[in-house]
1. Need pairs with beta-carbon distance below 9 Å; first residue modelled with pLDDT of 95 or more and within region 39-54, second exposed (fewer than 10 other Cβ atoms within 10 Å of the Cβ) and assigned to a loop (DSSP other than H, G, I, E, B); sequence gap 6+ or separate chains.
2. Please determine, by comparing only the residues of region 50-74 that are in contact with a helix residue (DSSP H, G or I) (Cβ under 8 Å, 6 or more places away or on another chain), closer than 17 Å to Leu38 by Cα and hydrophobic (A, V, I, L, M, F, W, C), which one is surrounded by the fewest Cβ atoms within 10 Å (Cβ to Cβ).
3. For region 14-23, give me each residue that is touching a residue at least 24 places away in the same chain (Cβ under 8 Å) and either under 11 Å from the mean Cα position of the chain (by Cα) or not in a loop (DSSP other than H, G, I, E, B) (or both).
4. Could you pull out the residue among Leu34, Leu38, Leu44 that is part of a strand (DSSP E or B) and in contact with a Phe, Trp or Tyr (Cβ under 9 Å, 6 or more places away or on another chain)?
5. Can Arg56 be described as more than 13 Å from the chain's Cα centre (by Cα), part of a helix (DSSP H, G or I) and not aliphatic (A, V, I, L, M)?
6. Select from region 1-22 the residues that are out of contact with any Ser or Thr (no Cβ under 8 Å at 6 or more places or on another chain), closer than 18 Å to Thr97 by Cβ and aliphatic (A, V, I, L, M) and list them in ascending order.
Amino acid sequence: MIDRPLWMERLAAAWKQASIVWLTGPRRVGKTVLAQSLPDAEFLNCDLPSVAERLRDPESFSRAVKKRLVVFDEVHQLPDPGRLLKIGADGFPRLKTWRRLLPRSQPRKSSATV
């Protein structure tokens, strides 16, 4: 694994601005690898049906998650990702989330983009 201190610094700075951080970019540039390298993060691949099932009740998921940082890789694959993120951000402010998605999706103004 290659160290990416610049990107880690940018992520830390973004989380100081907002509890939800978006990372977008072209395919195959290392977004998922970077997400998986975050220490003490709950990494969820939203392409997997088992993960979608786990996230079906956002309130229960947010209450049960043990780690403070949650990475939703491919979050756009979920039926209602906005609801999941809103419930997490509004109801569980201790959580920091990283939303990794395809470039065609656009972040909302209440989140930071790296």
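The values are calculated or read from the model by the stated rules, or taken from the named source; none is laboratory data. Since we're looking at a predicted model, the values are computed, not measured. Methodologically, a virtual Cβ is constructed for each residue, glycine included, from the backbone with ideal geometry; neighbour enumeration extends over all protein chains shown.
1. Pairs that qualify, where the first residue is modelled with pLDDT of 95 or more and the partner is exposed (fewer than 10 other Cβ atoms within 10 Å of the Cβ) and assigned to a loop (DSSP other than H, G, I, E, B), are Ala52/Pro79.
2. So in region 50-74, the residues in contact with a helix residue (DSSP H, G or I) (Cβ under 8 Å, 6 or more places away or on another chain) come out as 52, 54-55, 58-59, 61-62, 70-73.
Going one step further and asking which of them are closer than 17 Å to Leu38 by Cα, we end up with 70-73.
Retained after the next criterion (residues that are hydrophobic (A, V, I, L, M, F, W, C)): 70-72.
On the way: Val70: 22, Val71: 24, Phe72: 26.
Among those residues, the one meeting the criterion is Val70.
3. Here is the first cut: in region 14-23, the residues touching a residue at least 24 places away in the same chain (Cβ under 8 Å) are 14-15, 17-23.
Listed by number, the residues that qualify are Ala14, Trp15, Gln17, Ser19, Ile20, Val21, Trp22, Leu23.
4. Values: Leu34 fails: part of a strand (DSSP E or B); Leu38 fails: part of a strand (DSSP E or B).
Only one candidate qualifies: Leu44.
5. Values: more than 13 Å from the chain's Cα centre (by Cα): yes; part of a helix (DSSP H, G or I): no; not aliphatic (A, V, I, L, M): yes.
Judged against the criteria, Arg56 is not a match.
6. Within region 1-22, the subset out of contact with any Ser or Thr (no Cβ under 8 Å at 6 or more places or on another chain) is 2-3, 5-13, 15-17.
Cutting the leftovers down to closer than 18 Å to Thr97 by Cβ gives us 7-8, 10-13, 15-17.
Those that are out of contact with any Ser or Thr (no Cβ under 8 Å at 6 or more places or on another chain), closer than 18 Å to Thr97 by Cβ and aliphatic (A, V, I, L, M): Met8, Leu11, Ala12, Ala13.
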